[in-house]
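Peer 1: Sending over a structure as C-alpha cells; questions will come in a sec.
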Amino acid sequence: MTLVLARPMTPEDEMSFKATAQTLFGHISQRFLDHRGPLCHLTATTLGRCQMTEIKARAHGVLGERVVRTSYDIDAVKIIMQIAGLSTFKQNGDRARLDAGALLLYDPTRPYALVNTTTVHQVVFQVPRDMFAGSSLARLAHSHLFEQGVDGLPYIVSSVLAATAREVEALAQSARTRVGDTLARLIASLVGGETESPDSGEAAALKMLRCRIIGFIDSHYDDPDLSIDTIAAALKCSKRYIHRAFEGTALKPERYVWEARLERCRESLLAGDKRRWSISEVAFSCGFSSSAHFSRSFKARYGMTPRDFRLLHTA
C-alpha cells in the first residue's frame with residue numbers, strides 16, 4: 001500500500017522524537033538501532049476522541065512495560081498500519097512480523113516489544129479503551145495481525161485509514177470527529193464482541209467509500225477516460241469494492257458517471273455564459289467523446305434532445 005502524505009512531516013532528532021513519542025503514547029522506552037540515515041519524523045492529528053500519528057524513523061526498538069502509569073497517560077488500544085519497512089512485534093509469547101501493508105491491533109497496556117529492524121513508515125491509530133466492549137478487550141490478551149491482501153473488513157479499515165492519513169489536512173474539525181468515530185467502530189469490529197456487529201461497521205466503511213467515489217466522480221466527470229479502473233487506481237481500492245459501495249443504491253457506479261455528466265451538461269445548456277457554445281462543445285466539456293452519444297443519452301434521460309431542451313428554456 002502506498003501512502004502519499006498531504007502535509008509535511010516535522011524533522012526531529014532522536015531525543016526530541018523519543019520525548020514526543022512518550023507524550024503521545026505514554027510510558028514507553030525507545031532505543032535507536034541505527035544512528036545514520038534520514039531524520040526522524042512524527043506528526044499527530046486529533047480525530048475526535050481518537051488520535052492518529054504518522055511515523056517515519058530509522059531502525060529502532062520500542063518497549064512497553066505498561067503504557068498507562070499515571071492519570072495523564074493515554075489509555076487506548078492501538079492499531080499500527082505498516083506503510084513501509086519491516087518490524088517484529090512480541091507480546092504474551094506471540095510473535096508477529098509486520099511487512100508493508102500489514103495491520104496490527106493490540107492492547108499496549110500489556111507488556112510488548114516492537115522492533116523496527118529497518119527504516120519504517122507507519123500510521124498509528126489510538127482508540128480510547130472505553131470505546132471497546134469488555135469482551136473485545138478480553139480478546140486483546142493476544143495481538144491481532146492482518147496481513148496485506150486479506151479481504152473483507154481488514155481491507156476496508158486499511159483503505160479508510162490510509163485515505164484519512166492522506167486527506168486529513170483538508171477535513172474540517174467536525175469531519176475529523178466523524179471520521180475518527182467511524183474508524184474507531186471499524187477497528188473495534190475487527191475483534192468483534194461489540195453491540196454493533198462487524199457487518200454494520202463494514203456498512204459504515206462502504207458508505208464512506210461511496211462518498212469518496214461520488215466526490216471523485218463529481219470532480220473528474222469532464223475526463224473522457226474516467227472509468228471504474230481509474231477511480232479504483234486513484235482511491236487505491238479494488239474494483240470489487242467500488243461496486244460493493246453502491247450495493248443497495250439505485251445506481252451502479254458506471255451509471256453514476258454518466259448521470260453526473262448528463263447533469264453537468266443540463267446545467268451548461270441553461271447557463272447564460274455558455275449560450276454560444278455548440279451542442280458538441282457542451283458534450284465534450286463534460287467528458288462525452290461523441291456528440292451523437294451525448295444526444296441519445298440526454299434524450300433518454302430528459303425526454304428531449306439537447307437542442308430542444310435549450311430552445312425550450314431560452315425562449
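The values are calculated or read from the model by the stated rules, or taken from the named source; none is laboratory data. Keep in mind the model is a prediction, meaning the values are calculated, not measured. Cβ atoms come from the backbone with ideal geometry, glycine included; neighbour counts cover every protein chain shown.
Peer 1: Any idea which of (1) touching an Asp or Glu at 6+ places or on another chain (Cβ under 6 Å); (2) at pLDDT below 85 is the one Ala188 doesn't satisfy?
Peer 2: (2)
Peer 1: Another one. Have a look at Arg296, Arg275 and point out the one that is of a type in the set (D, E, K, R) and touching a residue at least 24 places away in the same chain (Cβ under 8 Å).
Peer 2: Exactly one of Arg296, Arg275 is of a type in the set (D, E, K, R) and touching a residue at least 24 places away in the same chain (Cβ under 8 Å), namely Arg275.
Peer 1: If a residue counts only when it is more than 27 Å from Ile231 (Cα to Cα) and either more than 18 Å from the chain's Cα centre (by Cα) or outside the structural domain of Val77 (by TED's automatic domain parsing) (or both), which strands (runs of 3 or more DSSP E) contained entirely in the range 87-200 have at least 2 such residues? So that I can check it myself, show each step before the final result.
Peer 2: Numbers: elements: 87-91, 94-98, 103-106, 112-116, 120-128, 144-146.
Of the strands (runs of 3 or more DSSP E) lying wholly inside the range 87-200, those with at least 2 residues that are more than 27 Å from Ile231 (Cα to Cα) and either more than 18 Å from the chain's Cα centre (by Cα) or outside the structural domain of Val77 (by TED's automatic domain parsing) (or both) span 87-91, 94-98, 112-116, 120-128, 144-146.
Peer 1: Against the conditions (1) over 35 Å from the mean Cα position of the chain (by Cα); (2) under 29 Å from Leu209 (Cβ atoms), where does Lys252 fall short? Just the number, please.
Peer 2: Answer for Lys252: the failing condition is (1).
Peer 1: Within the range 60-76, is there a residue that is assigned by TED's automatic domain parsing to the domain that holds Ala133, more than 27 Å from the chain's Cα centre (by Cα), modelled with pLDDT of 85 or more and of a type in the set (D, E, K, R)?
Peer 2: no
Peer 1: Is it the case that the range 26-35 has a residue that's touching a Leu at 6+ places or on another chain (Cβ under 6 Å), surrounded by 21 or more Cβ atoms within 10 Å (Cβ to Cβ) and either at pLDDT 85 or above or not hydrophobic (A, V, I, L, M, F, W, C) (or both)? First the steps, then the outcome.
Peer 2: To start, the set of residues in the range 26-35 that are touching a Leu at 6+ places or on another chain (Cβ under 6 Å) comprises 29.
When the remaining residues are screened for being surrounded by 21 or more Cβ atoms within 10 Å (Cβ to Cβ), the result is none.
Looking for residues that are touching a Leu at 6+ places or on another chain (Cβ under 6 Å), surrounded by 21 or more Cβ atoms within 10 Å (Cβ to Cβ) and either at pLDDT 85 or above or not hydrophobic (A, V, I, L, M, F, W, C) (or both), one finds none in the range 26-35, hence no.
Peer 1: Which of the residues that make up the range 85-142 are closer than 24 Å to Thr177 by Cα and basic (Lys, Arg)?
Peer 2: Pass one, the range 85-142, residues closer than 24 Å to Thr177 by Cα: 103-108, 122-134, 136-137.
Scanning the range 85-142 gives a single hit, Arg129.
Peer 1: More than 30 Å from Glu167 (Cα to Cα), part of a loop (DSSP other than H, G, I, E, B) and of a type in the set (S, T, N, Q), is that true of Ser289? Quick ask: steps written out before the conclusion?
Peer 2: Values: more than 30 Å from Glu167 (Cα to Cα): yes; part of a loop (DSSP other than H, G, I, E, B): yes; of a type in the set (S, T, N, Q): yes.
The answer is yes for Ser289.
Peer 1: In addition: Just need a number here: residues in the range 271-286 that are assigned to a helix (DSSP H, G or I) and touching a Ser or Thr at 6+ places or on another chain (Cβ under 8 Å). Don't jump to the end; show me each part of the working.
Peer 2: So the first thing to find is which residues in the range 271-286 are assigned to a helix (DSSP H, G or I), and the list is 272-274, 279-285.
Still in the running and touching a Ser or Thr at 6+ places or on another chain (Cβ under 8 Å): 274, 279-280, 282-285.
Number of matching residues: 7.
Peer 1: Touching a Pro at 6+ places or on another chain (Cβ under 9 Å) and either over 29 Å from Asp34 (Cα atoms) or surrounded by fewer than 17 Cβ atoms within 10 Å (Cβ to Cβ) (or both): does that describe Ala175? Reasoning before the result, please.
Peer 2: Details: touching a Pro at 6+ places or on another chain (Cβ under 9 Å): no; either over 29 Å from Asp34 (Cα atoms) or surrounded by fewer than 17 Cβ atoms within 10 Å (Cβ to Cβ) (or both): yes.
For Ala175, the condition - touching a Pro at 6+ places or on another chain (Cβ under 9 Å) and either over 29 Å from Asp34 (Cα atoms) or surrounded by fewer than 17 Cβ atoms within 10 Å (Cβ to Cβ) (or both) - is not met.
Peer 1: If a residue has to be in a helix (DSSP H, G or I), modelled with pLDDT of 90 or more and hydroxyl-bearing (Ser, Thr, Tyr) to count, how many in the range 292-315 make the cut?
Peer 2: Residues that pass the stated criteria total 2.
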